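Colleague: I have a structure I would like to understand better, so I am pasting it below and will then ask my questions one at a time.
Any read-out appearing in this document is the output of simple, stated calculations on the displayed coordinates, not a laboratory observation. Quick caveat, the model's predicted, so the values are computed rather than measured. With ideal geometry, Cβ positions are generated from the backbone for all residues, glycine too; neighbour counts draw on all protein chains shown.
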């Protein structure tokens with residue numbers, strides 16, 4: 001009787017698994033779109049993405065869900081940095097599990113920061129935008145200098161010089 005019950009249960013399990021599998025591909029859209037320039041990112045999002053100072057070298061330009069501008073950077077060819085910007089005031093870092101965040105204020109901007117595994121993460125809001133920074137292969141002092149540089153670029157953006 002036990003063998004019969006196990007055989008029936010196994011048959012039911014096989015049937016239920018095969019019913020859910022149609023062999024068709026799903027149409028899941030990738031929410032990340034890659035671009036060649038920051039101008040393309042700005043055009044897609046409708047706002048001007050803040051760029052980090054020149055010691056942080058841009059390596060990629062993407063937009064997530066048409067709403068979040070993202071620029072990948074490197075520092076000294078080792079640290080991998082991601083800088084995001086979007087309208088609103090939510091944490092857009094994409095890093096979950098930082099609990100609790102530390103809090104600080106830089107240039108009158110409230111910053112939440114922490115670590116998740118070996119990834120530094122910080123997020124902050126100013127005016128109608130929210131920002132997030134993540135970095136790998138970077139020490140804490142360099143990461144806080146990065147956060148300071150990003151906030152400085154937001155608070156006091158560089159003025160483009162006009163040539164005569």
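Colleague: Check residue 131 against each of (1) assigned to a strand (DSSP E or B); (2) without any contact (Cβ under 8 Å) to a residue 60 or more places away in the chain and name the one condition it does not meet.
Modeller: The failed condition is (2).
Colleague: Of the residues 131, 101, which is in contact with a strand residue (DSSP E or B) (Cβ under 8 Å, 6 or more places away or on another chain) and farther than 18 Å from residue 58 by Cβ?
Modeller: Only one candidate passes the filter, namely 101.
Colleague: With in contact with a helix residue (DSSP H, G or I) (Cβ under 9 Å, 6 or more places away or on another chain) and outside any strand (DSSP E or B) as the only criterion, which of 138, 144, 115, 85 stands out?
Modeller: Of the residues listed, the single one that is in contact with a helix residue (DSSP H, G or I) (Cβ under 9 Å, 6 or more places away or on another chain) and outside any strand (DSSP E or B) is 138.
Colleague: Tell me which residues, restricted to segment 48-69, are without any contact (Cβ under 8 Å) to a residue 24 or more places away in the chain, assigned to a strand (DSSP E or B) and surrounded by 14 or more Cβ atoms within 10 Å (Cβ to Cβ).
Modeller: 58
Colleague: Give segment 88-112 a look and list any residue that's on the phi < 0 side of the Ramachandran plot and part of a loop (DSSP other than H, G, I, E, B), or say none.
Modeller: 89, 90, 91, 92, 93, 95, 96, 98, 99, 100, 101
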